Amino acid sequence: MHFFVHHSAKVFYLCLYVDSERVILSAKQKALRINLNQDLYGTFAEIGAGQEVVRHFFRAGGSSKTIAKAISAYDKDFSDALYGTEENGRYVCQSRLEKMLLHEYDLVEERIQRDKHPSKQFFAFANTVATINYSKTSQGHGWFGVKFQTAPDSAPSEVFLHAKLHESDVLQQQMTTGLLGVNLLYGCFFFHEDPKDLLKSIYDNIERDQLEIDMIQMNGPAFEDVDNRILSLQLVKLGMTDAVIFTPDGVNMQAADVLYKKNILAIRGSFRPVTKVNIDMISKGLKMFREEPKVNPDNIQVLFEITLNNLKGEGDIDEQDFLDRADILCSIGQTVLISNYQKYFKLVEFFSRHTKKRMGVIMGAATLTEIFNERYYRDLNGGILEAFGILFSRDLKILLYPWKEENSDSLWTTKTTPIHPRLKPLFNYLTFNKRIVDIENFDESVLSIFSTEAFKMIKSGDGEWEKMVPDFVDRIIKEKCLFGYCGLKPECKTNTEDPALAAARAIQQHSEE
């Protein structure tokens, strides 16, 4: 048992740790600790789900020195007058939250004179929430954010997140909203120095089946050393959600904002590193997908997916190894999906929550044989038929890339891939109806390349790996010393072309061939 004395402003706090584990405070205790700190001062703005967050601070006592203003802008006209209109007409969205935080924080700075309150640390808390409707046909969800100072003279930092409310009762969702808001504000003030602790603390007094956090972003001087891609990984690793997405610039995104009504084309792999095979798969697969009659070429969202299982390898997840893979994919301009969906039918089920349009999955023939292995579906009442019912009741096409057996000239395609005789009729049905189709015009010269071999060569210093990856990936690995490569030579930087442009050009060129 250990005690930690913390001095903040004019109040001393005594925190209890038992066996190095943080003791979880109740929402009332957290609200009271904030209220008693005479230097924390700000506003609460809440849309939807009542004023459930600020209610905790009013009830805890001592709130007059903490709360500058509490507002519920329920009426759309009043909300638009305060924060401006939304182009998409939605009120529960990230842009609305950001406008709320900016407006309310600026008002505090404008109206509270610094010369009279030199020690004040300003903050603005905001949320915009839609709880479950009366007929229970829509899921509750909301955006939550805090803009805050860590010192009176510091620039503000921000934390904002998106949460899905899984409870089936409005009152329960309102209570969970209140707890989440208190935890978030408390974490910003007392755990900002350790973002992972901040993330974990958001679930204090909340069960995982009540709430799913599928996106979080931390910005500003308090989080200068934070890589938000690691936060995305933590969300999946800690079981807070099953899938997260980040864009080429490393910004975490809500899945709905990226995938809504899109033609999704996904490729799964370890990408350790990206090889010529991966580029050939995506370029030739993308060309075929664009030519599909139900696909709008201007509405395609390509995703490079890495599963948690792929990241774990033989042990726990190596965050640096994850960042090395992410750096390559982001550098070549790709959107990355991290998921806990080991089985493909779970992945397609996730996609279908956001779109009803035609989807495509690029996979190798060796992977296809695993999908047709019944042992992976023993936990389902309907076995493999249940899984395939989920897969192919959606508008899905599997684009099959051939696989070449080692020391053999034979290729696995839809005609030659070995499928168990018991499941061959099902396979024939899917190929006959063109739900599984071969990728054509592939580059046979790259079929013998495997990322596992390239990775071993990079680690060992064997220069042969350079022949296994595209030149733009080669440059990224050398310039950033990824995957343990530290043999940077001056000639590595002779080609100054942007790797993202080089990758896009290569994919486009392959697609047009």
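Can Pro297 be described as in contact with a helix residue (DSSP H, G or I) (Cβ under 6 Å, 6 or more places away or on another chain), free of Cβ contacts under 8 Å to residues at least 12 places away in the same chain and on the phi < 0 side of the Ramachandran plot?
Yes: the conditions hold for Pro297.
Suppose the filter is touching a residue at least 40 places away in the same chain (Cβ under 8 Å) and open to solvent by 50 Å² or more (accessible area, probe 1.4 Å); does Lys261 pass it?
Yes, satisfied.
Just give me the residues in region 420-451 being of a type in the set (Ser, Thr, Tyr), within 16 Å of Met468 (Cα to Cα) and in contact with a Ser or Thr (Cβ under 8 Å, 6 or more places away or on another chain), in sequence order.
Selection gives Ser451 alone.
Every residue in region 241-292 that is of a type in the set (Asp, Glu) and under 25 Å from Arg394 (Cβ atoms), please.
Asp242, Asp257, Glu291, Glu292
Can you find even one residue in region 287-294 that is crowded, with 19+ Cβ neighbours inside 10 Å, under 17 Å from the mean Cα position of the chain (by Cα) and touching a residue at least 24 places away in the same chain (Cβ under 8 Å)?
no
In the list Lys76, Lys69, which residue meets the criterion of being of a type in the set (D, E, K, R) and closer than 20 Å to Tyr105 by Cβ?
Lys69
Results for (1) touching a helix residue (DSSP H, G or I) at 6+ places or on another chain (Cβ under 6 Å); (2) open to solvent by less than 40 Å² (accessible area, probe 1.4 Å), shown as yes or no for each residue.
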| position | (1), (2) |
| --- | --- |
| Phe44 | yes, yes |
| Val54 | no, yes |
| Ala60 | yes, yes |
| Ser64 | no, no |
| Ala73 | yes, yes |
| Phe78 | no, no |
| Tyr83 | yes, yes |
| Glu87 | no, no |
| Cys93 | no, yes |
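Of the numbered conditions (1) outside any helix (DSSP H, G or I); (2) open to solvent by 30 Å² or more (accessible area, probe 1.4 Å); (3) small (Gly, Ala, Ser); (4) at pLDDT below 95, Ala49 satisfies every one except a single condition; which is it?
(2)
Please go through region 452-461 and pick out each residue that is over 18 Å from Asn310 (Cβ atoms) and at pLDDT below 90. Outline the logic, then answer.
Of all residues in region 452-461, those over 18 Å from Asn310 (Cβ atoms) come to 457, 460-461.
Selection gives Ser460, Gly461.
Touching a strand residue (DSSP E or B) at 6+ places or on another chain (Cβ under 7 Å), among the small types (Gly, Ala, Ser), surrounded by 22 or more Cβ atoms within 10 Å (Cβ to Cβ) and at pLDDT 95 or above: does that describe Ala124? Reasoning before the result, please.
Details: touching a strand residue (DSSP E or B) at 6+ places or on another chain (Cβ under 7 Å): yes; among the small types (Gly, Ala, Ser): yes; surrounded by 22 or more Cβ atoms within 10 Å (Cβ to Cβ): yes; at pLDDT 95 or above: yes.
For Ala124, the condition - touching a strand residue (DSSP E or B) at 6+ places or on another chain (Cβ under 7 Å), among the small types (Gly, Ala, Ser), surrounded by 22 or more Cβ atoms within 10 Å (Cβ to Cβ) and at pLDDT 95 or above - is met.
Testing Glu386 on (1) modelled with pLDDT of 95 or more; (2) under 16 Å from Lys343 (Cα atoms); (3) open to solvent by less than 30 Å² (accessible area, probe 1.4 Å), one condition comes back false. Which one is that?
Glu386 satisfies every listed condition except (3).
Those residues that are touching a strand residue (DSSP E or B) at 6+ places or on another chain (Cβ under 9 Å) and basic (Lys, Arg), I need them from region 257-271; list them, please.
Listed by number, the residues that qualify are Lys262, Arg268.
Among the listed residues Ser79, Ser63, identify the single one that is under 24 Å from Asp204 (Cβ atoms), of a type in the set (S, T, N, Q) and without any contact (Cβ under 8 Å) to a residue 40 or more places away in the chain.
Ser63
Of all residues in region 353-368, which are touching a Phe, Trp or Tyr at 6+ places or on another chain (Cβ under 8 Å) and either among the basic types (Lys, Arg) or open to solvent by 30 Å² or more (accessible area, probe 1.4 Å) (or both)?
Result: Ala366, single match.
Which of (1) among the β-branched types (Val, Ile, Thr); (2) crowded, with 21+ Cβ neighbours inside 10 Å; (3) modelled with pLDDT of 95 or more does Ile332 not meet, given it meets every other one?
(3)
Just to check your reading of the model, which residue among Lys397, Lys424 is closer than 27 Å to Phe450 by Cβ and among the basic types (Lys, Arg)?
Of the residues listed, the single one that is closer than 27 Å to Phe450 by Cβ and among the basic types (Lys, Arg) is Lys397.
Looking at Ile282, is it modelled with pLDDT of 95 or more, β-branched (Val, Ile, Thr), in contact with a helix residue (DSSP H, G or I) (Cβ under 8 Å, 6 or more places away or on another chain) and surrounded by fewer than 23 Cβ atoms within 10 Å (Cβ to Cβ)?
no
Here is a check on your reading of the model: is Phe78 of a type outside the set (D, E, K, R) and part of a helix (DSSP H, G or I)?
Values: of a type outside the set (D, E, K, R): yes; part of a helix (DSSP H, G or I): yes.
Yes: the conditions hold for Phe78.
Which of (1) crowded, with 18+ Cβ neighbours inside 10 Å; (2) in contact (Cβ under 8 Å) with a residue 60 or more places away in the chain does Ile317 not meet, given it meets every other one?
The single condition Ile317 does not satisfy is (1).
Could you check how many residues of region 95-106 are more than 20 Å from Ala130 (Cα to Cα) and crowded, with 16+ Cβ neighbours inside 10 Å?
4
The values are calculated or read from the model by the stated rules, or taken from the named source; none is laboratory data. Predicted model, so just to flag it, every value in this text is computed and none were measured. As a convention, Cβ positions derive from the backbone with ideal geometry for all residues, glycine included, and neighbour counts pool all protein chains shown. Protein only, heavy atoms only, side chains kept; ligands, DNA and RNA dropped before computing areas. Shrake-Rupley method; radii C 1.70, N 1.55, O 1.52, S 1.80 Å.
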